[in-house]
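Notes follow the structure.
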Amino acid sequence: MSTSISGFSKLTKTEKIDWIVSNYLSNSTTAKDTITQYFNSNQKLQQLHDEFIENTISNYYLPLGVAPNFVINGKTYAIPMAIEESSVVAAASKAAKFWMERGGFKTTVISTTKIGQVHFMYSGEEKMLQAFFNTVKPKLIADTKSITANMEKRGGGILDIELRTKTNDLDNYYQIHATFETLDAMGANFINSCLEQFAKTFKAEAEIQLDNDIDIVMSILSNYVPECLVRAEVSCKIEALADKGIDPETFANKFAQAVTIAEVEPYRAVTHNKGIMNGIDAVVLATGNDFRAVEAGVHAYASKNGKYTSLTHAKIEDGIFSFWIEIPLALGTVGGLTSLHPLVKVALNILGNPTAKELMQIVAVAGLAQNFAALRSLTTTGIQEGHMKMHLMNILNQFDATKTEKENIINHFKTNTVTHSAVVSQIEKLRQ
Ligand code: HMG
């Protein structure tokens, strides 16, 4: 039975918790303690977190890890990663170390253009609308001056605006399609403010200059940013791929085949790209960026040719193994959470306070490294060996293993395969 309430948002935090506990968690004696034990004793810090979102009842922790040894364009980084899944940070670290000894990662920012649109309806003649747009375009830009002045001083701003006819897709549907350079800011607020001003001016001028009405539907940035692109790659001679237990030739071929399978088979591509996003999301989150926007944009890019495909590619040519990724990433290193969340500031400090362009390169590398580690495991030992090795601690914690039990069991599994049932039976054996 569901319980509803009016005015929940107006309750104090304690009242909200009491209401949730008594209406939804009344069977649990520990629920309130669980919720409140995550409060931070530093009142100021707690208030900051409470105010990030609405109706806050507690803090939801994610571990912040670090993957060291990433050599990117000759510079060495330790990459902060916020993620709950075991083995991701270890896998990134292992790939970083592997490529550190083989020349490191090379990256290039291909473009940094962001996009926003004013969506509107117009039932008059298209030619009239185009002529009107051409006349009003300078005023559309001029009316945003107070919004764009600071961004322009730094070298960014509105790049262009154009009228796009979409009537083949939907009757009477047109757009003002605008492109922006937002430098180190992700730019969502800047872009949306410009778009809303375009809409206001456009509507007001249309009322004076056009016979037919313009009906503004909405003004919003696009999280699809195929012109905000970064490329990261690794390459080495096939022989240099040799590592413990790995025959380089066999490995290179199998690895390239695994990538090709992800290029042609959407069921595999989704999992392949999920592995890439393990790395990307973790850095995006640690640096206070919007991982939902990145996810949406990246997956749209993966289907840009009408079929969902791999975000990474590999080739073997003239005895050289190359592996690369090209992805759209709209990121910021100023504004938003970057200046508010104390751990985000630390994460950016660890990275040497990168520009947005530098962060794009770091994030792309984290995705490529993650994919390399996963494919290396998948095409050699299988994923479970490493994944379960890292997951061992989670299983031990599920069973409230003591320090001595943990030491004993970790020691046992140094020479035995970790599976859930094997760990459980080992715990039971110890406790008998
Ligand atoms: P290993 O060879 O057993 O590790 O690999 P090792 O003990 O020999 O250590 C080598 C290095 O790995 C270490 O160097 C670390 O860099 C790192 P060192 O620090 O000693 O100089 N490393 C660790 N770092 C931190 N904490 C640790 C740790 N252990 C090793 N505890 C490893 C073990 C898990 C790294 C390896 O098996 C691996 O890379 N596996 C892949 C794991 C993976 O991809 N996980 C992602 C989750 S699975 C998934 O969701 C995606 C997937 O479906 C995607 C797809 O299908 O494509 C698989």
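The values are calculated or read from the model by the stated rules, or taken from the named source; none is laboratory data. As the structure is a computational prediction, the values presented were derived from the model and not from experiment. Glycine gets a Cβ as well: all are built from the backbone with ideal geometry, and neighbour counts include every protein chain shown. To get the accessible areas, we keep the full protein, side chains included, count just its heavy atoms, and leave off ligands, DNA and RNA. Shrake-Rupley method; radii C 1.70, N 1.55, O 1.52, S 1.80 Å.
Residues of segment 136-183 that are of a type in the set (Val, Ile, Thr) and without any contact (Cβ under 8 Å) to a residue 60 or more places away in the chain: Ile141, Thr144, Ile147, Thr148, Ile158, Ile161, Thr165, Thr167, Ile176. Residues of segment 165-180 that are open to solvent by 50 Å² or more (accessible area, probe 1.4 Å) and more than 10 Å from His119 (Cβ to Cβ): Thr165, Asn168, Asp169, Asp171, Asn172. Among helices (runs of 4 or more DSSP H) entirely within segment 2-78, having at least 1 residues that are within 16 Å of the ligand (Cβ to nearest atom), farther than 27 Å from Val283 by Cα and of a type in the set (D, E, K, R) singles out no element at all. On inspection, Ala364 passes the criterion of being among the hydrophobic types (A, V, I, L, M, F, W, C), assigned to a helix (DSSP H, G or I) and within 21 Å of His299 (Cβ to Cβ).
Among Ala252, Ala232, which is the only one that is touching a helix residue (DSSP H, G or I) at 6+ places or on another chain (Cβ under 7 Å) and in a strand (DSSP E or B)? The match here is Ala232. Kindly list the number of the only condition in (1) in contact with a Pro (Cβ under 6 Å, 6 or more places away or on another chain); (2) open to solvent by 50 Å² or more (accessible area, probe 1.4 Å) that fails for Arg231. It fails just one condition, (1). The residues on offer are Ala296, Ala330, Ala374, and the sole one that is under 15 Å from the mean Cα position of the chain (by Cα) and either of a type in the set (D, E, K, R) or open to solvent by 20 Å² or more (accessible area, probe 1.4 Å) (or both) is Ala296.
If you go through segment 266-292 and keep only what is within 17 Å of His341 (Cβ to Cβ) and either out of contact with any helix residue (DSSP H, G or I) (no Cβ under 6 Å at 6 or more places or on another chain) or of a type outside the set (Gly, Ala, Ser) (or both), you end up with Asp281, Ala282, Val283, Val284, Leu285, Thr287, Asn289, Asp290, Phe291, Arg292.
Can you tell which of Glu162, Glu84 is in a loop (DSSP other than H, G, I, E, B), modelled with pLDDT of 95 or more, not aliphatic (A, V, I, L, M) and not assigned by TED's automatic domain parsing to the domain that holds Phe323? Answer to the selection: Glu84. Put simply, of Ile409, Ile383 the only residue that is more than 20 Å from Met81 (Cα to Cα) and in contact with a Ser or Thr (Cβ under 8 Å, 6 or more places away or on another chain) is Ile383. Residue pairs whose Cβ atoms lie under 7 Å apart, separated by 6 or more positions or on different chains, with the first residue in segment 296-309 and modelled with pLDDT of 95 or more and the second β-branched (Val, Ile, Thr), are Gly297/Val225; Val298/Ile327; Tyr301/Ile327; Ala302/Thr309; Tyr308/Val270.
Scanning segment 239-288 for residues being surrounded by fewer than 20 Cβ atoms within 10 Å (Cβ to Cβ), more than 10 Å from the ligand (Cβ to nearest atom) and among the small types (Gly, Ala, Ser) gives a total of 3.
Residues satisfying the criterion are present in segment 378-401 (criterion: more than 15 Å from Asp184 (Cα to Cα), at pLDDT 95 or above, of a type in the set (A, V, I, L, M) and open to solvent by 70 Å² or more (accessible area, probe 1.4 Å)). Just for segment 406-417: of the residues that are open to solvent by 30 Å² or more (accessible area, probe 1.4 Å) and assigned to a helix (DSSP H, G or I), which one is farthest from the ligand (Cβ to nearest atom)? Among those that are open to solvent by 30 Å² or more (accessible area, probe 1.4 Å) and assigned to a helix (DSSP H, G or I), it is Asn408. For segment 354-405, name all the residues that are within 16 Å of the ligand (Cβ to nearest atom) and of a type in the set (Asp, Glu). Correct list: Glu385 only. Looking across Val270, Val259, Val225, one residue alone is outside any strand (DSSP E or B) and free of Cβ contacts under 8 Å to residues at least 40 places away in the same chain. It is Val270.
Put simply, of Gly124, Gly155, Gly116 the only residue that is over 30 Å from Gly382 (Cβ atoms), assigned to a strand (DSSP E or B) and of a type outside the set (A, V, I, L, M, F, W, C) is Gly116.
Against the test of being on the phi > 0 side of the Ramachandran plot and either outside the structural domain of Ala240 (by TED's automatic domain parsing) or away from the ligand (no atom under 16 Å from the Cβ) (or both), the options Gly332, Gly297, Gly319 yield a single qualifying residue, Gly319.
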